[in-house]
Amino acid sequence: AQTVTQSQPEMSVQEAETVTLSCTYDTSENNYYLFWYKQPPSRQMILVIRQEAYKQQNATENRFSVNFQKAAKSFSLKISDSQLGDTAMYFCAFMRGGATNKLIFGTGTLLAVQP
Amino acid sequence: GAGVSQTPSNKVTEKGKYVELRCDPISGHTALYWYRQSLGQGPEFLIYFQGTGAADDSGLPNDRFFAVRPEGSVSTLKIQRTERGDSAVYLCASSTPSHNEQFFGPGTRLTVL
């Protein structure tokens, strides 16, 4: 069975600074996808960034980038130039490739961006 | 375009009652998922529909939980004989045939007194 672990329940960062959120996962699959979702107090889960396991290049979306270490089964999220609107819960998620496409989530990291 | 919608946004019920939670996916999305998010936890998978059929219902906790999607669009999650432990936010998501990105609704917060 696949598992996703986020070991940082809470993080804090000053506005305009950079912060890295950690995520590790366990799987025996070779074909899979990894995601970071943001959940603000409104409860709406918003996709931040995704990574295909077969791609060696780390995904980047504007101020958000990942450090994907497949051998170490690590998938960290870096947020550059943090903004107050980045304050939210961040969930790392795993999806196996193929017929069943359920997401397996970690327990989340609450990020607070301080002015 | 319109995103995934869920109704009601909040539902308070008494232990032992029956509840129905509705999800309206994005038009044209053939895949629909239900997740349950307890306080302080990440969402947990309940059931996945591809069209009208349940392709994977392995996450349903017991036979009090049931979901349908009769016309391949709107889905209803049904909970019988509710228990206090069923209190959670129930999230719905939908995706296109490529399945790689799931779009989530705002969730229904269920409180069982």
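The values are calculated or read from the model by the stated rules, or taken from the named source; none is laboratory data. Quantities reported herein were computed from a predicted structural model and do not represent experimental measurements. Cβ atoms come from the backbone with ideal geometry, glycine included; neighbour counts cover every protein chain shown. Protein only, heavy atoms only, side chains kept; ligands, DNA and RNA dropped before computing areas. Shrake-Rupley method; radii C 1.70, N 1.55, O 1.52, S 1.80 Å.
Positive end of the dipole of chain B, charges at C-beta (+1 Lys, Arg; -1 Asp, Glu), about the Cα centre: which of B:LEU113, B:GLY40, B:GLY28 has its Cα farthest in that direction?
Checked the options; the winner is B:LEU113.
Between A:GLN2 and B:ARG109, how high is the FRET efficiency from 1/(1 + (r/R0)^6) when r is the Cβ-Cβ distance and R₀ = 22 Å? Nearest 0.05.
Plugging the Cβ-Cβ distance into 1/(1 + (r/R0)^6) gives 0.20.
Quick one: check the C-alpha center-to-center distance for region A:1-59 versus region B:15-45, whole angstrom.
21 Å
Hey, any idea what % of chain B's accessible area is carbon plus sulfur with a 1.4 Å probe?
Carbon and sulfur together cover 48 percent of it.
Can you give me the % of accessible surface on chain A that is carbon or sulfur? Probe 1.4 Å, all protein chains present, nothing else counted.
46 percent
Interface A/B, total buried accessible area with a 1.4 Å probe, nearest 100 Å²?
By this definition, chains A and B bury close to 1800 Å².
What is the list of residues in region A:1-34 whose amide nitrogen lies under 14 Å from a point 7 angstrom out from the Cα of A:ARG63, following Cα to Cβ?
Within reach of a label on A:ARG63: A:13-20.
Enter the accessible area per residue of the protein assembly as shown (Å², integer; probe 1.4 Å; all protein chains in place).
47 Å²
Whole angstrom only: what separates the Cα centroid of region A:63-115 from the Cα centroid of region B:55-95?
26 Å
Roughly how crowded by other chains is peptide A:77-85, in terms of the mean Cβ count from those chains within 10 Å of each of its Cβ atoms?
Neighbouring Cβ atoms belonging to other protein chains average 0 per residue here.
Roughly what % antiparallel, to the nearest 5, for the DSSP beta bridges in chain B?
90 percent
Dipole magnitude of region B:22-113 about its Cα centre, charges +1 at Lys/Arg Cβ and -1 at Asp/Glu Cβ only, in debye to the nearest 20?
With only Lys, Arg, Asp and Glu charged at Cβ, the dipole is about 300 debye.
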